[in-house]
Amino acid sequence: MTGSNLAATRQRTLKNRIGCSGIGLHSGRRINLTIAPAAIDVGIQFKRVDTPGRTTVIPARWDHVVDTKLCTVVGNGDGVVVGTVEHLLAAFAGVGIDNATVEIDGPEVPIMDGSAEAFVFLAECAGIVEQSAPRRRIRILKRVTVGDDQASASLTPAPCFILDFALDFASPAIGRQERSVRLVDGTFKRELSRARTFGFAEDLEHLRRAGLARGGSLDNAVVIGADRVLNREGLRYGDEFVRHKMLDAMGDLYLAGAAIEGRFNGVRSGHALNNRLLRALFADRDAWDWVDDDAAGADWSDTELRKASA
């Protein structure tokens, strides 16, 4: 017997336009953002509305990533950029948005509370509608790995999108954390969407001198002191740190241009390594293929499904 529990779906976009405003984590600027519906096969694209006279549209794609220092930044040939895209893209991936235009009047996506929860809320408030074309996934056909024994990222064949992640920090507030999540049936919203970005208090002054983290605060990040979390409310999950790294990876991997059917394994991976993984994947045409969503997982036996998802 063959098959999978992945239901056939069509491409999806938003039913209505919806907007928000917030502080940029690195710029410290107040930024307005509007998410708008987009046509079939447009994918996710950013549009800077504050850069007249230049090309304003930036496809949310791995080959448009221009910087990965502390966040993922996409740009176009005119030098127009949008940074900190990973949390919004993770929300799109998590709720299944294939096509959308993100209009923004500043250099980065607002950080909101440091997680993807606000963006999931916006998408749900706007409404999500199916379109007339089938959804397509990128099926992983063989193992692709980048990195070394200190940090690595890999993709391997699997019947659906599965995230494995392990991190290890000397700080006793974090320590070693590992988690595996199978991204089906609303798992992203329940298990990952509320996990916030994090940083160390001792690094803050150095980052600000470098022009980064100017908008960072206890309102939009988990801040770690010498041996404890400084946020008064504490953590949202006992292992919030590894969950956030998984959220980041999910957003970075959505820059593939479609949902991935495969298993991601990250060990201390970050934005740079996640993008290197996509570049390595698409450099090897034998490592991936397109598949319609109604065919996803269809050639996996029940035994293989259980083994790959374990």
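Using Cα positions and a limit of under 22 Å, work out the lysines in reach of Lys245, with same-chain residues fewer than 8 apart set aside.
Result set, ordered by chain and number: Lys69, Lys189.
Counting only protein heavy atoms and using a 1.4 Å probe, what share of the accessible area of the chain belongs to carbon plus sulfur, as a whole percent?
Roughly 48 percent of what the probe reaches on the chain is carbon or sulfur.
Which value results for Rg/Rh of the chain when Rg is the Cα radius of gyration and Rh the Kirkwood radius based on the inverse mean 1/r? Don't jump to the answer; show the numbers that get you there.
On the way: Rg = 18.7 Å, Rh = 19.7 Å.
Reported Rg/Rh, Kirkwood definition of Rh: 0.95.
Using a Gaussian network for the chain with springs between C-alpha atoms less than 10 Å apart, which of these wobbles most: Arg12, Arg30, Arg137?
Taking springs between Cα atoms under 10 Å, the residue moving most is Arg30.
Taking H placed 1.01 Å from N in the peptide plane, check which residues at least 5 places from Glu261 or on another chain put their amide H under 5 Å from its amide H.
Ile138, Arg139, Ile140
In whole Hz, with x marking every Gly and Pro, tabulate ³J(HN,Hα) for the range 115-130 from phi via Karplus 6.51 cos²θ - 1.76 cosθ + 1.60, θ = phi - 60°.
So the Karplus estimates, Gly and Pro as x, are 10, 9, 4, 5, 6, 4, 4, 4, 4, 5, 5, 5, x, 10, 10, 7 Hz.
Expressed as a whole number of Å, what is the distance separating the alpha-carbon centroids of the range 46-74 and the range 221-274?
What the calculation gives is 22 Å, centre to centre.
Keeping all protein chains in place and using 1.4 angstrom, which order do Phe161, Phe119 fall into by accessible surface area, from largest down?
Numbers: Phe161 25, Phe119 5 Å².
Accessible-area ranking of Phe161, Phe119, largest first: Phe161, Phe119.
Taking 0.36 nm per intervening residue step and subtracting the Cα-Cα distance, what contour gain separates Ala133 from Asp289 on full extension?
Taking 0.36 nm per residue and subtracting the Cα distance, the gain is 54.3 nm.
Report the net charge of residues surrounding Ser217, where surrounding means a beta-carbon distance below 13 angstrom and charges are Lys +1, Arg +1, Asp -1, Glu -1.
+2
What is the set of long-range amide H partners of Gln131 at a cut-off below 5 Å, with H atoms built 1.01 Å from backbone N?
Placed amide hydrogens put Gln11, Arg12, Thr13 under 5 Å from Gln131.
Once you have a ≥ b ≥ c as the square roots of the Cα gyration tensor eigenvalues for the range 17-97, tell me rounded if a/c is under 1.5, and otherwise prolate or oblate according to whether a/b is larger than b/c.
rounded
What residues have an amide H closer than 5 Å to that of Phe46, excluding those fewer than 5 places away on the same chain, when H is modeled at 1.01 Å from N in the peptide plane?
Ile58, Ala60, Val102
Looking only at Gly270, Gly238, Gly262, which one moves most when the chain is put into a Gaussian network model with springs between Cα atoms under 10 Å?
Gly238
Using alpha-carbon pairs under 8 Å, 6+ residues apart, how would you state the relative contact order of the chain in percent?
28 percent
Placing unit charges on C-beta atoms (Lys and Arg positive, Asp and Glu negative, everything else neutral), compute the dipole magnitude of the range 75-165 about its Cα centre in debye, rounded to 20.
The dipole magnitude comes to about 700 debye.
What accessible area, in Å² to the nearest ten, does a 1.4 Å probe give for Ser21?
Its heavy atoms expose roughly 50 Å² to the probe.
What are the ³J(HN,Hα) couplings of the range 164-177, residue after residue, when phi is run through the Karplus curve with 6.51, -1.76, 1.60 and θ = phi - 60°? Round to Hz, x for glycine and proline.
So the Karplus estimates, Gly and Pro as x, are 10, 8, 9, 9, 8, 10, 5, 4, x, 6, 10, x, 9, 9 Hz.
Between Asp203 and Ala226, what is 0.36 nm times their sequence separation minus the Cα-Cα distance? Round to one decimal in nm. Before the final figure, lay out the partial values.
Numbers: separation 23, 0.36 × 23 = 8.28 nm, distance 1.13 nm.
7.2 nm is the gain from fully extending Asp203 to Ala226.
The values are calculated or read from the model by the stated rules, or taken from the named source; none is laboratory data. Since the model is a prediction, treat every value here as computed from it, not as a measurement. As a convention, Cβ positions derive from the backbone with ideal geometry for all residues, glycine included, and neighbour counts pool all protein chains shown. Side chains included, ligands, DNA and RNA excluded: accessible areas come from the protein's heavy atoms. Shrake-Rupley method; radii C 1.70, N 1.55, O 1.52, S 1.80 Å.
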